[in-house]
Amino acid sequence: MNNLENKVAVITGGNSGIGYAAAKRLKESGARVVITGRRKDAVAAAAQELNITGLVADQSRVPDIEQLAAEVKAQFGKVDILLINAGITKFATIEEMEESRFDEMMDINFKGAYFTLSRFIPLLNEGASVIMLSSTSATISPQSASVYAASKAAINAVVKIAALELAPRKIRVNAVSPGPVATEIMQKIGLNETLEHQLLQSIPAGRMGKPEEVAGMIHYLAGEEASFLTGANFLVDGGQSV
């Protein structure tokens, strides 16, 4: 169903995981999709696989964000769907948190997301949909994830304010908060069999989510069927936050 025919969609962190699944779903619905990421080879490979546009940009650097916005404007003019998805997860207790790790997470997850929204606002068409990827970590308060959870709680606050500020232009702004999803990030954070068992115990659905399931919610929010939804946070977590 091509319900997003010729809509321009920009997805940060679109070369893997949820971002990749969302890019695939939006492309299948007729959107003209642009993905971004820090790793040139990974972005190029994903863009080729999906037959979409790939641009290299580091979300932690505001100059990169501004260059990205300029490139998107030059190639596509305006944007109808903005998915701010790029993010990282690293764990440490509050006592053991290092300043460099704190800064890295906040620079990408919050500052980068914030300024991506900021710099793309002038490019958004009237009636555009902005979706910011948050996390159930902002709701369930997991130990050793204080900075990550704080970065996502900050996203949730910005979503509400942005929804109010952009309402006169009929632009909708919502958050999607996945629970544990089976992506490569799980291997990066050191998920082993024991930790996976403990994790599954916290999910009433009894399994981890799939990137395609989160992409389904993103696809819904991107379309006209969600035209009365703004300023909300949608939990896609198998009941974990309950």
In segment 56-88, the residues that are among the polar types (S, T, N, Q), over 22 Å from N6 (Cβ atoms) and surrounded by fewer than 18 Cβ atoms within 10 Å (Cβ to Cβ): Q67
Of (1) surrounded by fewer than 22 Cβ atoms within 10 Å (Cβ to Cβ); (2) modelled with pLDDT under 95, E165 fails just (2)
Scanning segment 26-42 residue by residue, those crowded, with 22+ Cβ neighbours inside 10 Å and within 16 Å of the chain's Cα centre (by Cα) turn out to be L26, V33, V34, I35, T36, G37
Can you tell me which residue among F115, F102 is more than 19 Å from K90 (Cα to Cα) and touching a residue at least 12 places away in the same chain (Cβ under 8 Å)? F115
Which of (1) under 24 Å from F110 (Cβ atoms); (2) modelled with pLDDT of 95 or more does A226 not meet, given it meets every other one? (1)
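Could you tell me whether segment 175-184 includes any residue that is acidic (D, E) and either modelled with pLDDT of 95 or more or under 21 Å from Y20 (Cβ atoms) (or both)?
The answer is yes; a qualifying residue exists.
Go through segment 1-16 and report how many residues are in a loop (DSSP other than H, G, I, E, B) and either among the basic types (K, R) or touching a Lys or Arg at 6+ places or on another chain (Cβ under 6 Å) (or both). Lay out the reasoning, then the answer.
Initially, segment 1-16 is screened for residues in a loop (DSSP other than H, G, I, E, B), giving 1-7, 12-16.
Filter once more, keeping what is either among the basic types (K, R) or touching a Lys or Arg at 6+ places or on another chain (Cβ under 6 Å) (or both): 7.
Count: 1.
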How many of the residues making up segment 25-45 are under 25 Å from F110 (Cα atoms) and in contact (Cβ under 8 Å) with a residue 60 or more places away in the chain? 1
Kindly indicate the residue of segment 185-202 that is surrounded by 15 or more Cβ atoms within 10 Å (Cβ to Cβ) and modelled with pLDDT under 65 and also nearest to the chain's Cα centre (by Cα) among those meeting that condition. I185
Cβ-Cβ distance below 6 Å, separation of 6 or more or different chains: which pairs start in segment 1-16 with a residue that is closer than 18 Å to L124 by Cβ and touching a residue at least 40 places away in the same chain (Cβ under 8 Å) and end on one that is of a type in the set (G, A, S) and surrounded by fewer than 22 Cβ atoms within 10 Å (Cβ to Cβ)? L4/S29; L4/G30
I need the full set of residues from segment 94-121 which are in contact with a strand residue (DSSP E or B) (Cβ under 6 Å, 6 or more places away or on another chain) and either surrounded by fewer than 18 Cβ atoms within 10 Å (Cβ to Cβ) or closer than 9 Å to V147 by Cβ (or both), in order please. none
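In the list T89, T53, which residue meets the criterion of being touching a strand residue (DSSP E or B) at 6+ places or on another chain (Cβ under 6 Å), within 21 Å of I131 (Cβ to Cβ) and among the polar types (S, T, N, Q)? Write out each step before concluding.
Values: T89 fails: touching a strand residue (DSSP E or B) at 6+ places or on another chain (Cβ under 6 Å).
Residue meeting the stated conditions: T53.
The values are calculated or read from the model by the stated rules, or taken from the named source; none is laboratory data. From a predicted model like this one, the values you see are computed outputs, not experimental measurements. Virtual Cβ from ideal backbone geometry, glycine too; neighbours counted across all protein chains shown.
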